[in-house]
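Colleague: I have a structure I would like to understand better, so I am pasting it below and will then ask my questions one at a time.
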Amino acid sequence: MAGSGLTSGNALAGIGFLYSSAQNVATTGTLKVYLQNSTDATNTKSTDWTTAITGMTLASNSTITIPATTGQVNFPFMGGSPFTYTGGAVYVAFEYENATGTLATTGNIALCNTSLVGGLKGAQSLTVLPTTLTVSNFRPATYFAKSVPCAAINNLSMTAYTENSASITWSPAVNAQIEWGLKPYAQGGGGSSATVTNGTTYTVTGLAPGKAYDVYIRADCGGGLLSEWRKITVGTTNSAPVSTYPYAMNFEPAADQNYIFNLGWGNQPTGNVGTWGWFSDDATDGNTANDYAHSPTYFIGSQIATTAQNAWIFSRPLAMTAGVTYSIQYYYRTFSTAATTAPVNFSVGINSTNSGTGATILASHTNYNNLTYATETLQYTPTTTGNYYIGFNNNTPARTAITTANYIFIDTVTVTSSQLGVNDLVSFENAIAIYPNPTSDMLNIKSKDKVTAVSISDMSGKRIEARVINNTVDVRGLQSGTYIINVVTEAGNSSQKFIKK
């Protein structure tokens, strides 16, 4: 009980359990909960039910419904006598009876603690309430609710977002105080604030595009009584068209970002079968075997299934000029939690809207299966000036035989324009310079961040082999002409044009 947060004098108001597996249907019955303060370090209660509950307080005697869900399920105390915690240990006894209602054919499974030998004494029957208990080490994880003068709000969630606003909802309806600031923001840090009268919703406005905000909310119960703060992180989209090239996206969030839509990317608004997710490696565990990003820790992915998939994810809009050729480079691989992977189908498209309907397909991969990253460079020349969205489509047919998770991963997307000037420098959180340009033999790379990969392609997108030693590229073997060099650093990805004399 020492780590429970309860202190002597707390009035207990409910009990909860944590289910790792759900029963197949919701069931309703009568629950009686008995409580008793104690200094015992072990369970010394009798295995006779009547003897065991002698001296205990009937804290609750009410009808409850056990849902067909996993996670924490709480039951408020009703129909019993008040019970006040006095410190130390608490004996808990409960009696559940469902004599006439629907019975679950698959029972739920509660998470248990086995650290206390003989910590549980219990029994169950399909006919009558047992009177004799058996000893077990499996005590269910148990939660207590305590009475407070002003209860905190529950079920706080973000329900909608735009470029400049985000809406939240909560329960129950209360007078509320709200405070927010750009992530990471600590309550009381001088951010913006608002109040709500007897409400369950609020829309935070005046936000910057492509950012995340920490929002704090508490109930105002009047008379100076305030609940504890609850926190939620909301975010805004970024649909401002990209107009400067190269455009590089390695899916890494800034400190003030929390969602992939902060980066301007997102799933097709309607019509998806399946979905794309935003993933990150744990760079702190020291185990690179479970790292799957190309650069450096974040990437996107879509899972295949026993049913056919048709899931699109799209970039933020890219401003493109008619007649100009754009090169689109990306890295891709598959993944499985099993020893072998199931093949995936995916395609790359471009459209004037963030929809797969009417998209121009630039590349299609059928039955692709490779556990290491490959790269592909595609070209697109629009006939009309306007905004365009690059999309990746998981269109894998039903893989009825799979029993484990299988994914397609995408990372490090770069878009370059054929209008790029010879000496243009690209900034991706930092400047990357190449020199001399033009060059006849060696091309040097200057970057404040560690260079992790270098590749060269001609203007058609064909990959060209070149030797790289200590951030110097040997281009003596290249024919005279114009090339694109793609430099990947720990901070991002940059593509630049250079001329071989």
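Only the coordinates and a few stated rules stand behind these numbers; no lab work does. All of these numbers come straight from a predicted model, not from anything done at the bench. Neighbour counts are summed over all protein chains in view; Cβ atoms, including those assigned to glycine, are modelled from backbone coordinates with ideal geometry.
Colleague: Between their Cα atoms, which of 45/231; 448/500; 183/446 are more than 30 Å away from each other?
Modeller: 45/231; 183/446
Colleague: While we're here: Quick one: which of 473-486, 34-47 comes out on top by average Cβ neighbours within 10 Å, and what's the full order, highest first? Could the numbers behind the result be given before it?
Modeller: Working: 473-486: 16.4, 34-47: 14.9.
The most tightly packed comes first, giving 473-486, 34-47.
Colleague: In the range 434-463, what trypsin sites (Lys or Arg not before Pro) fall in a loop by DSSP, with at most 13 other Cβ atoms inside 10 Å?
Modeller: Details: sites: 446, 448, 450, 462, 463; in loops: 448, 450, 462.
Here the sparse-neighbourhood loop sites are 448, 450, 462.
Colleague: Once amide H atoms are placed 1.01 Å from N in the peptide plane, what residues at a sequence separation of 5 or more from residue 211, or on another chain, have their amide H within under 5 Å of its amide H?
Modeller: Sorted by chain and number, the residues that satisfy this are 236.
Colleague: Normalized C-alpha radius of gyration of the chain, against 2.2 N^0.38 Å?
Modeller: Working: Rg = 30.1 Å, N = 501, 2.2 N^0.38 = 23.4 Å.
The reported ratio for this selection is 1.29.
Colleague: How big is the Rg/Rh ratio for the range 71-179, C-alpha atoms only, Rh by Kirkwood, two decimals? Intermediate results must be reported in sequence, preceding the final value.
Modeller: Values: Rg = 20.2 Å, Rh = 18.8 Å.
Taking Rh as the inverse mean 1/r over Cα pairs, Rg/Rh reads 1.07.
Colleague: Nearest 20 debye, what's the magnitude of the dipole of the range 154-235 about its Cα centre given +1 on Lys and Arg Cβ and -1 on Asp and Glu Cβ?
Modeller: Values: 5 positive and 5 negative charges, 24 e Å.
Once rounded to the nearest 20, the dipole reads 120 debye.
Colleague: Work out from phi, with θ = phi - 60° and the Karplus expression 6.51 cos²θ - 1.76 cosθ + 1.60, the ³J(HN,Hα) of each residue of the range 198-209, listed in order in whole Hz, and give x for Gly and Pro.
Modeller: 6, x, 10, 9, 7, 10, 7, 10, x, 8, 7, x
Colleague: Find the relative contact order for the chain and round it to a whole percent, using C-alpha pairs within less than 8 Å whose residues are 6+ positions apart. All intermediate terms of the calculation are to be shown ahead of the outcome.
Modeller: Details: 1261 pairs, mean separation 53.0, N = 501.
11 percent.
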